[in-house]
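These notes are about the structure you will find just below.
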Amino acid sequence: MQDQDALFQFLLRMGDNTLVLGHRVSEWCGVSPVLEEDIALANTALDMIGQTQFWLGLAGEVEGKGRTADDLAFLRDVWDFRNVLLVELPNGDFGQTLMRQFLFDAWASIMLGHLMTSTDKRVADIAEKASKEVAYHVERSAGTVVGLGDGTPESHAKMQAALDLLYPYVGELFESDDVDAAMVSAGIAPDPASLRDAYDALIERVLTEATLTVPASKFTHKGGRTGYMHTEHLGHMLTQMQWLQRAYPGATW
Amino acid sequence: MYAQLVKTAGSGVKSREEMSENEQDFQNRVDADQKIEPKDWMPDDYRATLIRQIGQHAHSEIVGQLPEGNWITRAPTLERKAILLAKVQDEAGHGLYLYCAAETLGVTRDELTEELLSGRMKYSSIFNYPTLNWADIGAVGWLVDGAAIMNQVPLQRTSYGPYSRAMIRICKEESFHQRQGYDIMMKMAQGTDAQKKMAQDALNRLWYPSLMMFGPSDKDSVHSAQSLAWKIKIDTNDELRQRFVDQTVPQAKYLGLTIPDENLKWNEERGAHDYSDPNWSEFFDVIKGNGPCNTDRMNTRIKAWEDGAWVREGLMAHADKKAARKQAMTAAE
Amino acid sequence: MSKEWPLWEIFIRGQHGMSHRHVGSLHAPDEEMAIKNARDVYTRRNEGVSIWVVEAKHISASSPEEKGPLYEPSNSKVYRHPTFFDIPEDVGHM
């Protein structure tokens, strides 16, 4: 695989994760359980949309075909998306959304820490900015997971159900393939598999405090980050997200 | 205006002779532009009216999140999505500031929420209209926020301290809202034929509902004299509406859009535009619950509140457990 | 109705070494969440670098001048907002 192709794929993976999850989180705007949470979730979504502009902007630059971040976000179809399946799943209830956020934030905080020392300065710069934001995201989502896990019997049960549902999607974050091998050899990004121990330690600490039990099975759903097979949910998300760009091609907004 | 048809408590403006000593002191302070603070003596009717007005204003902010939130997931670019989300988030913040201001009067946010969800308290009629195309998001910022700002800028001088301070903060944050709306309108008006059509369509549908935001004509507004005397209302409905029309006409012209009013014309003698009244029977229908979106808006708020109950309870239960553990540890030392 | 989250008063110190100022209030289940909520609610535009939170019920406030028998102490919750910062009326924008 050509280095530039691999870098392009890697950047799509980073940018599509934040694009899709930022979109999902933005769906909560106006209907959260309490105003303070509504405002906090919007901040998280805004940070992720901002990160998307950086990642996909750089992806377009690396690709060298003149595509902008908006072109990549609004004019690709499902099979070209490279996000992990975890982030495209529907929000479910508030607990499920926050559990997904925590499982993602924990990975992002570790990943971005490594990317700050990337040999590609453009990647390192984005990672440095994003890691400050994600440090707060993970603090907040972890706090909420603990609060709800160790809250009422009802909130505990809902959080355990959310973890049981989402945990089988966690493994995909640590899959490695040719793209990752190329990134490792160029010193641009770490091998995802190498992040797993730090990740397990982090989530175990938080989930224990939340009195939740990590499922024993390590089975993992995958296919998103390679583009091999997404869930049915992503297509529906895109029909909404891309509607105006698709219906009125060439317009300036 | 986010607080329409707020019924002023009491029986109207009292003469000096009718006022008690406390009432006279109070009115003197208001007349001297001194702020009334939470622990100060205030007439019961002043307190009751303020709770209604600030509460209605707060409800309008959070229900107002919904028509614009309707387009967050369909915003056409990443930048537009971020701007819109930030704007709707600001509205949640404004609701929060206003609920806090109301709480200084001795009512809780939960109590006010219950009043909203049971239909006993209202929110601005404008949010019972739908947002149907992307230009509506521009028009809401341009017209609806424009109308709101017209009302809120003078309210920064309102007599009640916490309300005034909330309005100052809100106006400061609101300044970008109208501009982003107009910016969308410019893009649409200068865009493709389809975009121009969307822009005109949005103006056609939102013009009269925007005029309704200022409430019925002064001659039909009961008790507004008392609210003006208390300085919780600064200008009359018709004054604000006229100012809004005069401000908006050249802006529409710049966009090349037509305001849907055949009677709209400059009146040299008055130094102001003549314009057609909105259909007030439609306004009262909307207020009574028969607007195009009343049912949807209320159902959305009720569902969000009910679905969120376990979250609010769960986090509170955790905080209580934590406090109990801390106390037990301190006791053991 | 379930128990409402307590009310907290929020004080923020900005960039320029000024003392903490009262900026407003919010609800949160405990002090940790109050600080996080304050960050999200009151520093959305980079307003602050340091946040203090105080549960409103722990604030003692001076009483306004006693104004005779008609003064009604019934406004039991008003200690919530004792020390809003003063802003000259004409400032408009902070």
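The values are calculated or read from the model by the stated rules, or taken from the named source; none is laboratory data. Because the structure is predicted, anything quoted here is derived from the model rather than measured. Here the Cβ is made from the backbone with ideal geometry for all residues, glycine too, and neighbour counts use every protein chain on show.
Things worth noting here:
- Of all residues in the range A:223-253, those being of a type in the set (D, E, K, R) and either crowded, with 17+ Cβ neighbours inside 10 Å or touching a helix residue (DSSP H, G or I) at 6+ places or on another chain (Cβ under 6 Å) (or both) number 1.
- Residue in the range B:278-287 that is more than 19 Å from the chain's Cα centre (by Cα) and β-branched (Val, Ile, Thr) present: no
- Among the residues of the range B:132-163, those that are farther than 26 Å from B:GLN242 by Cβ, at the interface with another protein chain (Cβ under 10 Å from one of its Cβ atoms) and assigned to a helix (DSSP H, G or I) comprise B:TRP134, B:GLY161, B:PRO162.
- Selection from the range B:87-124 of residues that are acidic (Asp, Glu), within 14 Å of chain A (Cβ to nearest Cβ) and either more than 16 Å from the chain's Cα centre (by Cα) or not in a helix (DSSP H, G or I) (or both): B:GLU103, B:ASP110
- Restricting A:GLU139, A:GLU154 to residues that are within 14 Å of chain B (Cβ to nearest Cβ), free of Cβ contacts under 8 Å to residues at least 12 places away in the same chain and more than 27 Å from A:THR226 (Cβ to Cβ) narrows the list to A:GLU154.
- Residue within the range A:84-94 that is within 10 Å of another protein chain (Cβ to nearest Cβ) and either surrounded by fewer than 20 Cβ atoms within 10 Å (Cβ to Cβ) or of a type in the set (S, T, N, Q) (or both) present: yes
- Total residues in the range A:157-185, condition within 14 Å of chain B (Cβ to nearest Cβ) and surrounded by fewer than 19 Cβ atoms within 10 Å (Cβ to Cβ): 2
- Residue in the range B:267-281 that is loosely packed, with under 15 Cβ neighbours inside 10 Å, touching a Phe, Trp or Tyr at 6+ places or on another chain (Cβ under 9 Å), within 14 Å of another protein chain (Cβ to nearest Cβ) and modelled with pLDDT of 95 or more present: no
- Odd one out for B:GLN327, checked against (1) under 30 Å from A:THR97 (Cβ atoms); (2) modelled with pLDDT under 95: (1)
Listed here are the residues, each with its yes/no results for (1) modelled with pLDDT under 95; (2) among the β-branched types (Val, Ile, Thr); (3) within 13 Å of the chain's Cα centre (by Cα).
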site	(1), (2), (3)
A:GLY30	no, no, no
A:LEU46	no, no, no
A:PHE54	no, no, no
A:VAL84	no, yes, yes
A:MET99	no, no, yes
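- Scan of the range B:74-109 for residues that are closer than 26 Å to A:ARG76 by Cα and of a type in the set (Gly, Ala, Ser), ordered by number: B:ALA75, B:ALA82, B:ALA86
- 3 or more residues touching a Leu at 6+ places or on another chain (Cβ under 6 Å) and free of Cβ contacts under 8 Å to residues at least 40 places away in the same chain: qualifying strands (runs of 3 or more DSSP E) within the range C:1-59: none
- Of the residues making up the range B:135-150, those that are surrounded by 24 or more Cβ atoms within 10 Å (Cβ to Cβ) and touching a Leu at 6+ places or on another chain (Cβ under 6 Å) are B:ALA139, B:LEU143.
Okay, residues lined up against (1) touching a residue at least 60 places away in the same chain (Cβ under 8 Å); (2) more than 12 Å from chain C (Cβ to nearest Cβ); (3) within 14 Å of the chain's Cα centre (by Cα):
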residue	(1), (2), (3)
B:LEU5	yes, yes, yes
B:ASP31	no, yes, no
B:PRO43	no, no, no
B:ASN70	yes, yes, no
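- Residue in the range A:66-74 that is farther than 23 Å from B:ARG74 by Cβ and not hydroxyl-bearing (Ser, Thr, Tyr) present: yes
- Screening the candidates A:ALA189, A:ALA162, A:ALA130, A:ALA181 for the property of being of a type in the set (A, V, I, L, M, F, W, C) and over 19 Å from the mean Cα position of the chain (by Cα) yields one hit, A:ALA181.
- Filter pass, B:THR236 being within 14 Å of chain A (Cβ to nearest Cβ) and either surrounded by fewer than 24 Cβ atoms within 10 Å (Cβ to Cβ) or within 19 Å of the chain's Cα centre (by Cα) (or both): no
- Residues (crowded, with 18+ Cβ neighbours inside 10 Å and more than 14 Å from chain A (Cβ to nearest Cβ)) located in the range B:171-199: B:CYS171, B:GLU174, B:HIS177, B:GLN178, B:TYR182
- Residue ID - farthest from B:GLU173 (Cα to Cα), chosen from residues in the range C:5-62 that are surrounded by 14 or more Cβ atoms within 10 Å (Cβ to Cβ) and among the hydroxyl-bearing types (Ser, Thr, Tyr): C:SER25
- The range B:285-330 - residue that is acidic (Asp, Glu) and closer than 30 Å to B:ILE126 by Cα and, of those, nearest to the other protein chains (Cβ to nearest Cβ): B:ASP307
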